[in-house]
Every structure is written in structure tokens, then in C-alpha cells.
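K.L.:
Can you keep this structure in mind? I'll have questions shortly.
The values are calculated or read from the model by the stated rules, or taken from the named source; none is laboratory data. For clarity, every value in this text was computed on a predicted model and none was experimentally measured. Ideal geometry is used to build each Cβ from the backbone, glycine not excepted, and the neighbour counts take in all protein chains shown. Heads up: the accessible areas ignore ligands, DNA and RNA and are worked out on the full protein's heavy atoms, side chains in. Shrake-Rupley method; radii C 1.70, N 1.55, O 1.52, S 1.80 Å.
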Amino acid sequence: MEKRIKLGVFGFGCVGQGLYNVLLQTKGINAEIKKICIKHPEKKRPIDARFFTTSRADILDDPEIDVVVELIDEVDAAFEIVSESLKKKKAVVSANKKMIAENFEALLRLQHEYNTPFLYEASCCASIPVIRNLEEYYDNDLLTSVEGILNGSTNYILTHIFEHGQAFDAALKKAQELGFAESDPSLDVRALDPKYKLLIILVHAFGIILKPDDIFNYGIQNLKEADIRYAWEKDATIKLIAKCRKAGNKVFAYCMPRFVPLKDTLNKVNNEYNGLLIEGAFSEHQFFMGKGAGGNPTGSAVLSDISALTYQYRYEYKKIHQKLDYDFSQDIALELYVSYNGAVKPDTGEFDSISVRHEAPGFNYLIGKINLSRLKQCSWLGDNSVNIVLTENNF
Ligand SMILES: NC(=O)c1ccc[n+]([C@@H]2O[C@H](COP(=O)([O-])OP(=O)(O)OC[C@H]3O[C@@H](n4cnc5c(N)ncnc54)[C@H](OP(=O)(O)O)[C@@H]3O)[C@@H](O)[C@H]2O)c1
């Protein structure tokens, strides 16, 4: 008879409880949770106390536990848990994009050195199967671009601002209550969370391993009433877009808000949903949409990884091994809308060209082209009274 897999789970928050629910209702998988390690033993839990421990060793040193599932919201502790598990040859499943993006090279080495699989489908778009598709399905197609809405909580906020006229802070509070936001919501709002996901996608799409500082990110923290009105006037909304694209042997990547025309496919992606457009030389355009946050949707992706381990699945990192020889580059001109309503103004000398300049009491903006590598250095970008949004005319 097939062996029943015993799981040791770290974390019983939104995703940990989602995994518990999903596992309980999934008959097709021969797995059970043996122990759950949490941080605060005094918290009231919805399931039997015998599951819980605060000792990592109760999982890591238990020879009966085959698979470690890491679902905590701390980065350093998560990296220690995952490293320790791989060293003990216990397969690991994780949803922790920040930990994975910050430690990618080390995690790759550990998987290789200890010949033990590490799967992390839930880390990218929660319920949408992105990584396995990029690894397996798009193995032979020449991918040209992967772009989309990769952050459920900012998409929820933007949907509620645009469709329901809700204020930013009220929409953020609701996203937090519903379990869509990270424990530290600035990771969402400042576009760090989608950047971590983009870093993981870059490995599986183009075989490029980068560090978080390498990629430019700008969030929705400075979005103003006037920017929203401007978008409506242009028959568009604003979405937070993460994108990587290949041109020749160069690959560009960034994570920024963009005006999205109402008729555009990405405008169908609302609330906590994520949406991903994948473009290949032969498959051409494909679109994936699904829940990008929340306990059960994320838990279902975690369970899919656990199930994949039962048939010895592991990432082969095909794009790395194909030696595609792509170079990461930031030498690309982007067309930006910049609004500025305080004492700080964008330095127009830093732009390659300016096509629109509008100055009126209470609402100033310009539209111009600027090189991404130069944009990263602009001092005015750090001021709260300035906001930038990519126009729809971008590569
Ligand atoms: N929420 C989502 O929709 C979503 C989607 C995709 C990926 N993720 C990722 O999934 C992970 C978990 O997110 P979440 O939303 O479930 O977080 P959460 O609701 O804040 O829960 C975090 C859990 O981790 C436990 N924990 C924290 N530090 C620990 C430590 N050092 N040792 C043991 N347990 C520890 C906490 O214990 P206590 O219960 O004792 O406090 C809690 O149970 C994060 O990496 C997140 O980025 C989340």
C-alpha cells in the first residue's frame, strides 16, 4: 500500500489554516499533518492542542515526518527552518516569496547538495499554477514576456478605490481583515511583494537569478485623488504591474503601477485575484487568472506541491541549465505619467523627452520618456507628493 505522508507544518495563520481545511476535504491525497510549530502558544486555536508545539526539533528531528511545510511570516526564521530541513533530507514546501527571493542562490545550492526537493508554487500567485507551468509547459517555447497583477491585496485596494470610490486606508484595512495583506502591509503597498514574486518568475521563465535590489519597484503609496480622476478621464484604471520581457538577449524587469484601458484583459482582474499574461514565440498570448491571496486558495497550491512530492516531482530549473545566456538590463526608455503637487518637482533634464506638461492649481503632471536606470536614481521620486504611473505605451 502507498505510504501515508506525514507533514510537519510551521505556521498556523491564514495559509496554515487554509492548508488544514483543504487537506481535510481532499480525499485523493494520502497525507496527514503530524505536528504544527507556532510562535505564540497562548493563542486560542480552532483545532486540538495535541497538534501544536513551539519546538522546531519536534518536527525537524522526527524521523516519521517526511515533508516540512513552511508557512510562517518571518524571513530569517523561515530560511533557518528550510535550510535545516533540506540538510536533514526532508522535502520542503513553502509559500514565503520574500525568503525565497532573498536567498535564492543558497536555496538552490542546498537542494543540489542534499539532493532534496524544495517546491514553492504558492509563493508566486497563490492559487494560479505559474511555476510548474513555466518549468514544464513552456519548456520548449521561446518565452518573450511574463507580466501581470501579482499582488492580491493592492489589487483589492485599487478595485475598491476605482469601482466603489472607497478611500485608500479603508480599502487597505478591509484587505487586512480578509487575510489578503502581508503581516507588514508596506510590502504590498510599496510593491515589494510582487517584486519578490517577479524574481522567482525570472528564474523559471528566463533562468536569471537576481537580488531584490536589482529590480526597480514603485508602489501605490502616493496615489492621489487627481491621479484616479485622470485615469477615469482616459477610460482607464490603474493596476500594479510586474513585468519581465526579453528583447534579443536582454531581459528587462520592473514592478510599477500602470494605466490599464478599461477594455484591456488585465482590467478583468479585480479584488484579490491575480492575472498573468504569458507570451511565447509560438504559443503567442495566454492569460491566467485566479485567486492570488487568502487561506484556502493558497492552501490549495501548497497541497498541490505536497501531492507533487508523492510522485517525486522536483524543479529541474530547466532555463538555468539550458544556458540561455540572457543578460539582465535596465537600459530601457519608459513612458511615465508623473504628478507632483508639492514643493518637489521632477527634474525634466533627467527625461529623454517630454510630450505633455500640465500645470494648474492643485494638479500638475507631465508625461515623458525616461531611462529606467536613470529613473532609479531620481531624488524627487522619494517625495510623498510625487506619484508615477506607467502609460499604456510601454514595451
Ligand atoms: N495570506 C496569503 O494570502 C498568502 C498568500 C501567498 C503566500 N503567503 C505567504 O505565506 C506565509 C504565511 O502567511 P500568512 O498570511 O499565513 O501569515 P499569518 O497569518 O501572519 O501567520 C503566520 C504564522 O506563522 C507563525 N510563526 C511566525 N513566526 C514563527 C516562528 N518563528 N516559528 C514558528 N511559527 C511562527 C505564527 O504563529 P502564531 O500563530 O503563534 O502567531 C502564525 O501561525 C508568508 O510567507 C506569506 O508571504 C500568504
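K.L.:
Identify, by number, the condition in (1) more than 30 Å from Phe168 (Cα to Cα); (2) within 16 Å of the ligand (Cβ to nearest atom); (3) in a strand (DSSP E or B) that Gly275 doesn't meet.
P.N.:
With respect to (1) more than 30 Å from Phe168 (Cα to Cα); (2) within 16 Å of the ligand (Cβ to nearest atom); (3) in a strand (DSSP E or B), Gly275 is out only on (1).
K.L.:
Now for a different question. Can you name the residue in the stretch 292-325 that is part of a helix (DSSP H, G or I), charged (D, E, K, R) and out of contact with any His (no Cβ under 7 Å at 6 or more places or on another chain) and is also surrounded by the most Cβ atoms within 10 Å (Cβ to Cβ) among such residues? Let's see the steps before the verdict.
P.N.:
In the first step, residues of the stretch 292-325 are kept if they are part of a helix (DSSP H, G or I); the result is 295-310, 318-321.
With charged (D, E, K, R) added as a condition, the list becomes 305, 318-319.
Filter again for out of contact with any His (no Cβ under 7 Å at 6 or more places or on another chain), leaving 305, 318.
Details: Asp305: 25, Lys318: 16.
Taking the candidates together, the pick is Asp305.
K.L.:
While we're here: Among the residues of the stretch 358-390, how many are open to solvent by 10 Å² or more (accessible area, probe 1.4 Å) and either out of contact with any strand residue (DSSP E or B) (no Cβ under 9 Å at 6 or more places or on another chain) or among the polar types (S, T, N, Q) (or both)?
P.N.:
12
K.L.:
Starting from the stretch 103-124, keep only residues that are of a type in the set (Val, Ile, Thr), then list their pairs with residues that are open to solvent by 20 Å² or more (accessible area, probe 1.4 Å) and more than 16 Å from the ligand (Cβ to nearest atom) whose Cβ atoms are within a distance under 6 Å, requiring at least 6 positions of separation or different chains.
P.N.:
Sorted first by the residue in the stretch 103-124, then by its partner, the pairs are Thr116/Lys89.
K.L.:
Of the residues Asn96, Asn103, Asn115, which is modelled with pLDDT of 95 or more and at positive phi?
P.N.:
Working: Asn96 fails: at positive phi; Asn103 fails: at positive phi.
Every option except Asn115 fails the conditions.
K.L.:
Could we say that Leu86 is within 26 Å of Ser304 (Cα to Cα), among the aliphatic types (A, V, I, L, M) and open to solvent by less than 10 Å² (accessible area, probe 1.4 Å) here? It would help to see each step written out before you state the result.
P.N.:
On the way: within 26 Å of Ser304 (Cα to Cα): yes; among the aliphatic types (A, V, I, L, M): yes; open to solvent by less than 10 Å² (accessible area, probe 1.4 Å): yes.
Answer is yes for this residue.
K.L.:
Quick one: count up the residues across the stretch 287-309 that are of a type in the set (Gly, Ala, Ser) and closer than 23 Å to Pro117 by Cβ.
P.N.:
At the first step, the residues of the stretch 287-309 found to be of a type in the set (Gly, Ala, Ser) are 290, 292-295, 299-301, 304, 307-308.
Restricting the remaining residues to those that are closer than 23 Å to Pro117 by Cβ gives 299-301, 304, 307-308.
The qualifying residues number 6.
K.L.:
Answer yes or no: is there a residue in the stretch 137-146 that is away from the ligand (no atom under 16 Å from the Cβ), free of Cβ contacts under 8 Å to residues at least 60 places away in the same chain and of a type in the set (Ser, Thr, Tyr). So that I can check it myself, show each step before the final result.
P.N.:
Of all residues in the stretch 137-146, those away from the ligand (no atom under 16 Å from the Cβ) come to 137-146.
After this cut, where a residue has to be free of Cβ contacts under 8 Å to residues at least 60 places away in the same chain as well, the list is 137, 140.
Next cut, of a type in the set (Ser, Thr, Tyr) only: 137.
Taking every residue of the stretch 137-146 in turn, at least one turns out to be away from the ligand (no atom under 16 Å from the Cβ), free of Cβ contacts under 8 Å to residues at least 60 places away in the same chain and of a type in the set (Ser, Thr, Tyr).
K.L.:
Is it the case that Lys246 is more than 20 Å from Ala191 (Cβ to Cβ), touching a strand residue (DSSP E or B) at 6+ places or on another chain (Cβ under 6 Å) and part of a strand (DSSP E or B)? Walk me through how you get there before you give the answer.
P.N.:
Details: more than 20 Å from Ala191 (Cβ to Cβ): yes; touching a strand residue (DSSP E or B) at 6+ places or on another chain (Cβ under 6 Å): yes; part of a strand (DSSP E or B): yes.
Considered against the rule, which asks whether it is more than 20 Å from Ala191 (Cβ to Cβ), touching a strand residue (DSSP E or B) at 6+ places or on another chain (Cβ under 6 Å) and part of a strand (DSSP E or B), Lys246 comes out as yes.
K.L.:
Continuing with the same structure: Given (1) at pLDDT below 95; (2) part of a helix (DSSP H, G or I); (3) open to solvent by 80 Å² or more (accessible area, probe 1.4 Å), identify the lone condition not met by Ala343.
P.N.:
Of (1) at pLDDT below 95; (2) part of a helix (DSSP H, G or I); (3) open to solvent by 80 Å² or more (accessible area, probe 1.4 Å), only one is false for Ala343: (2).
K.L.:
So, one more: Can you tell me which residue within the stretch 346-395, out of those that are at pLDDT below 95 and assigned to a strand (DSSP E or B), is farthest from Lys243 (Cα to Cα)?
P.N.:
The residue in question is Ala360.
K.L.:
Something else about it: Report the residue count in the stretch 39-75 for those that are among the hydrophobic types (A, V, I, L, M, F, W, C), surrounded by fewer than 16 Cβ atoms within 10 Å (Cβ to Cβ) and in contact (Cβ under 8 Å) with a residue 40 or more places away in the chain.
P.N.:
0
K.L.:
Limited to the stretch 123-143, what total is found for residues that are open to solvent by 10 Å² or more (accessible area, probe 1.4 Å), assigned to a helix (DSSP H, G or I) and under 23 Å from Leu303 (Cβ atoms)?
P.N.:
4
K.L.:
Could you tell me whether Thr154 is more than 14 Å from the ligand (Cβ to nearest atom) and hydroxyl-bearing (Ser, Thr, Tyr)? Explain how you work it out, then say what you get.
P.N.:
Numbers: more than 14 Å from the ligand (Cβ to nearest atom): no; hydroxyl-bearing (Ser, Thr, Tyr): yes.
Judged against the criteria, Thr154 is not a match.
K.L.:
Checking the structure you have, find out if any residue of the stretch 18-32 is open to solvent by 70 Å² or more (accessible area, probe 1.4 Å) and more than 16 Å from Ser304 (Cα to Cα).
P.N.:
Going through the stretch 18-32, the residues open to solvent by 70 Å² or more (accessible area, probe 1.4 Å) turn out to be 24-25, 27-28.
Then keep just the ones that are more than 16 Å from Ser304 (Cα to Cα); that gives none.
No, that holds for no residue.
K.L.:
Search the stretch 76-102 for residues that are touching a residue at least 60 places away in the same chain (Cβ under 8 Å) and of a type in the set (D, E, K, R) and pair each with any residue that is more than 13 Å from the ligand (Cβ to nearest atom) and open to solvent by 10 Å² or more (accessible area, probe 1.4 Å) when their beta-carbon atoms are under 8 Å apart and the residues are at least 6 apart or on different chains.
P.N.:
Lys90/Asp66; Glu102/Lys211; Glu102/Pro212
K.L.:
Considering only the stretch 281-291, I want to know if a residue exists there that is away from the ligand (no atom under 16 Å from the Cβ), assigned to a strand (DSSP E or B) and under 20 Å from Val189 (Cβ atoms).
P.N.:
Scanning the stretch 281-291, I find no residue that is away from the ligand (no atom under 16 Å from the Cβ), assigned to a strand (DSSP E or B) and under 20 Å from Val189 (Cβ atoms), so the answer is no.
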